[in-house]
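Below is one structure, written out as structure tokens, with a few remarks after it.
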Amino acid sequence: MPKSDLIQSLELFEKDFQVASSYLNLEQQQEVSYDQAFLWVMRAVEELLIKDFEKLIHILYRIDVSEQKLKEALAETNDNPAAVIAKMILEREMQKVATRKKYGSNPL
């Protein structure tokens, strides 16, 4: 059974955030909802916002989250900054998966 785009995106998240594959335990997941994925990513972002902001900035750069779009999104909302960042991370990771599928890049 092929992995869903969301699971592949979460695998990229694990790689980019340099967390152990047991962090999300994706091998055991049959399905993952967007809301669950969002909460997992948001939790990791919140932790980095508190403990290692520089590492978070480095990860966002490596993932290629647009700094300009992030600044605009944070300025336009009163939402939790971790939620805004998590949403942008998931969107970017999903874009990567779609691009790899479209251009036939090696699967994760």
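Return the residue satisfying two criteria in turn: it lies in segment 53-102 and is closer than 20 Å to LEU10 by Cα and among the hydroxyl-bearing types (Ser, Thr, Tyr), and of such residues it is modelled with the lowest pLDDT.
SER66
Among residues belonging to segment 61-80 that are surrounded by fewer than 16 Cβ atoms within 10 Å (Cβ to Cβ) and under 23 Å from SER33 (Cβ atoms), point out the one that is farthest from the chain's Cα centre (by Cα).
Out of the qualifying residues, it is THR77.
Do the conditions hold for MET42, that is, is it of a type outside the set (Asp, Glu), within 17 Å of SER9 (Cβ to Cβ) and in contact with a Ser or Thr (Cβ under 9 Å, 6 or more places away or on another chain)?
No, not satisfied.
With respect to ASP52, is the statement that it is touching a residue at least 40 places away in the same chain (Cβ under 8 Å), surrounded by 12 or more Cβ atoms within 10 Å (Cβ to Cβ) and acidic (Asp, Glu) true?
So ASP52 fails the test.
Taking the residues in segment 55-67 that are touching a residue at least 40 places away in the same chain (Cβ under 8 Å) and aliphatic (A, V, I, L, M) as candidates, determine which candidate is nearest to VAL97 (Cα to Cα).
Looking at the filtered set, the residue picked out is ILE63.
The values are calculated or read from the model by the stated rules, or taken from the named source; none is laboratory data. Quantities reported herein were computed from a predicted structural model and do not represent experimental measurements. Reconstructed Cβ throughout: ideal geometry from the backbone, glycine too, with neighbour counts over all protein chains shown.
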